[in-house]
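Here the structure comes first, spelled out in structure tokens, and everything after it is commentary.
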Amino acid sequence: ADEFKGTWDVGISVSMDSWNWGTTVHQTSQAQAELGEAKDVLGQLKDAINLEVTQSYLNMNESRDRVGLAEKGVRAAEESYRITNEKFKSGLALNSDLLDAEAALLQAGWNQIQALVDHELAQARLQRAIGG
């Protein structure tokens, strides 16, 4: 029969594991602590990357300046050698003066090569630091 008798039955069921009181709360707290720690590590990594890129950039700029100075040194040594050689040909300079000028020219050339190598290495380090 399709009729209402005036009563209702409602039921609630609760299931609890009495051995694991608060486990979920503790696991959630632990997961949040681990997340915070991971964020701190990520921040430290970002800072380290920024520092490495900045240092590499500054080293590259410094090495570029050293290349310019080395080129000026070579030009000055070439001019000194040319003048000393002319004086030697004229009898106004000693053989040792000419040898000193030649040694200075060779040293200036070596310094220029070293500056160029250092600059190339600095550029490579910068590329590596920026991920290129």
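Which pairs have Cβ atoms under 9 Å, sit 6 or more apart or on different chains, and link a residue in the stretch 52-81 that is over 22 Å from Gly132 (Cβ atoms) to one that is surrounded by fewer than 18 Cβ atoms within 10 Å (Cβ to Cβ) and of a type in the set (Val, Ile, Thr)?
What qualifies is Ala70/Ile113.
What's the number of the condition Glu79 fails, among (1) open to solvent by 60 Å² or more (accessible area, probe 1.4 Å); (2) not in a helix (DSSP H, G or I)?
Of the numbered conditions (1) open to solvent by 60 Å² or more (accessible area, probe 1.4 Å); (2) not in a helix (DSSP H, G or I), the odd one out for Glu79 is (2).
Out of Ala129, Ala115, Ala48, Ala31, report the one residue that is small (Gly, Ala, Ser) and touching a residue at least 60 places away in the same chain (Cβ under 8 Å).
So the residue among Ala129, Ala115, Ala48, Ala31 that is small (Gly, Ala, Ser) and touching a residue at least 60 places away in the same chain (Cβ under 8 Å) is Ala129.
Which residues, taken from the stretch 44-65, are open to solvent by less than 90 Å² (accessible area, probe 1.4 Å) and not aliphatic (A, V, I, L, M)?
Selection gives Glu52, Thr54, Ser56, Asn59, Asn61, Ser63.
Among Gly132, Gly73, Gly68, Gly91, which is farther than 30 Å from Lys46 by Cα and within 27 Å of the chain's Cα centre (by Cα)?
Gly68
Sort through Val41, Val74 and tell me the only one that's open to solvent by less than 80 Å² (accessible area, probe 1.4 Å), in a helix (DSSP H, G or I), within 27 Å of Gln123 (Cα to Cα) and β-branched (Val, Ile, Thr).
After ruling out the rest, the residue left standing is Val74.
For the stretch 105-132, enumerate the residues that are closer than 29 Å to Glu86 by Cβ, among the hydrophobic types (A, V, I, L, M, F, W, C) and surrounded by fewer than 18 Cβ atoms within 10 Å (Cβ to Cβ).
Of everything in the stretch 105-132, those that are closer than 29 Å to Glu86 by Cβ, among the hydrophobic types (A, V, I, L, M, F, W, C) and surrounded by fewer than 18 Cβ atoms within 10 Å (Cβ to Cβ) turn out to be Leu106, Trp110, Ile113.
Hey, can you tell me all the residues within the stretch 84-104 that are part of a helix (DSSP H, G or I) and surrounded by fewer than 16 Cβ atoms within 10 Å (Cβ to Cβ)?
Listed by number, the residues that qualify are Asn85, Glu86, Lys87, Lys89, Asn95, Ser96, Asp97, Leu99, Asp100, Glu102, Ala103.
The values are calculated or read from the model by the stated rules, or taken from the named source; none is laboratory data. All figures in this text were calculated on a predicted structure; none of them were measured in a lab. Because the Cβ atoms are built from the backbone with ideal geometry, glycine has one as well, and the counts that use them run over all protein chains shown. Areas reflect the complete protein model, heavy atoms only, side chains present, ligands, DNA and RNA absent. Shrake-Rupley method; radii C 1.70, N 1.55, O 1.52, S 1.80 Å.
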